[in-house]
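Notes follow the structure.
Taken together, the values in this text are just the output of simple stated rules run on the coordinates, not laboratory data. This structure is a prediction, so every number in the text was calculated from the model and none was measured. Note: ideal-geometry Cβ built from the backbone for every residue, glycine included; neighbour counts use all protein chains shown.
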Amino acid sequence: MKIATYNVNGINGRLEVLLRWLKMDKPDVVCLQELKAADDNFPKKEIERAGYGAIWHGQKSWNGVAILARDRQPLRTRKGLPGDTDAAGSRYIEAAIDGLLIGCLYLPNGNPAPGPKFKGKLEWFRRLDSYAAELLDLDIPVLLAGDFNVMPTDLDVYKPERWRDDALFRPEVRKAYASLVDQGWTDAIRHLHPDERIYTFWKYWRNSFERDAGLRIDHILLSPMAAPWLRKAAVCRTPRGWEHTSDHAPVMIELDIPDRIVGEP
């Protein structure tokens, strides 16, 4: 099974890019972030014509998350984290698909830091940490995928010295991510590529993509039950080079899932 996460940076404005990539790489499950579309403006018909069922948690102009599944309909199990208020925005959605529980998230940026936005980011991270621990207690295969807005280590950012005070790289945020992983989650990219500089985001200016001056902020975490099934993990760089594309590239993993769990609720 191929599972991907992709910050589309506006699903309607970049729908052609999304559909082109879906046709090219044919992921089985896709977690999308930064829809920037209200619920009634989600392009459901176009997604369905591409062969995908979808659930979504939208918000006008900002945030927004969705889960797509090829040739089937995701079963929504949660919308929003426990303790979320309206101020938290549309940042988490969860679905059961073929025996897997998949959480799609878009963690707050937090800039400028320090400040109220950074404090809100850390609070959202604490709620995620608490809920992630509950998911592990379920003893079922779980994935958490999305734009975490965190570069976990110096290896995950071009010229780390320039980012020390940024909300995506401050020690508090990297510590929060490390604490989450230490619950027992496996960072798919870093597990299979422990020493490689791999990026998932490049700014639009100064030829950042062409120079590979990027950041790794999009992650897929696997629970202990799912981690042994991991076979591949990579960044799909090609869409980042297309016209009018997102500043992120999709991250995709491949799982070799035992037949016994396929079709389980």
field: DSSP H segments from the chain that extend 30 Å or more along their own axis, Cα-based, with Kyte-Doolittle mean of 0.5 or above
entry: none
task: Note down the net charge around TYR52, summing +1 for each Lys or Arg and -1 for each Asp or Glu among other residues with Cβ under 15 Å from its Cβ.
output: +4
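For the chain, what does -39500 (n - 2.57) per DSSP helix run (n ≥ 4), summed and divided by total residues, give at 222 nm, in deg cm²/dmol to the nearest 500?
Details: 6 runs with 59 residues, N = 265.
So the calculated ellipticity at 222 nm is -6500 deg cm²/dmol.
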- line: Cβ density ranking, 10 Å radius, fewest first, applied to GLU94, GLU123 yields GLU123, GLU94
- line: Residue separation between LEU155 and ASP39 times 0.36 nm, minus their alpha-carbon distance, gives in nm 38.0 nm
task: Sort by residue number and name the cysteines in the chain that have no neighbouring cysteine Cβ under 4.7 Å.
output: CYS236
query: Among the chymotrypsin sites (Phe, Trp or Tyr not before Pro) within the stretch 199-228, which fall in a DSSP loop and have no more than 13 other Cβ atoms within 10 Å of their own Cβ?
result: TYR204, TRP205
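Any idea what the relative contact order of the stretch 108-265 is, in percent, if you count C-alpha pairs under 8 Å spaced at least 6 apart?
On the way: 237 pairs, mean separation 37.4, N = 158.
In percent, rounded to a whole number, it is 24.
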Value of relative contact order over the chain, rounded to a whole percent, pairs C-alpha under 8 Å and six or more apart: 20
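Taking 0.36 nm per residue of sequence separation and subtracting the Cα-Cα distance, how much length would be gained by fully extending the chain between ALA178 and LYS26, in nm to one decimal? Walk me through the numbers on the way to the answer.
Values: separation 152, 0.36 × 152 = 54.72 nm, distance 3.14 nm.
Using 0.36 nm per residue and subtracting the Cα-Cα distance, I get 51.6 nm.
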- request: Could you tell me which of the pairs LYS23/LYS159; LYS79/LYS119; LYS26/LYS60; LYS60/LYS159; LYS60/LYS175 are separated by over 25 angstrom between their Cα atoms in the structure shown?
  value: LYS23/LYS159; LYS26/LYS60; LYS60/LYS159; LYS60/LYS175
field: Exposure rule at most 14 other beta-carbon atoms within 10 Å, DSSP loop trypsin sites (Lys or Arg not before Pro): the chain longest free segment
entry: 73-163
query: Given the stretch 2-258, what whole percent of its Cα pairs are spread farther than 27 Å?
result: 30
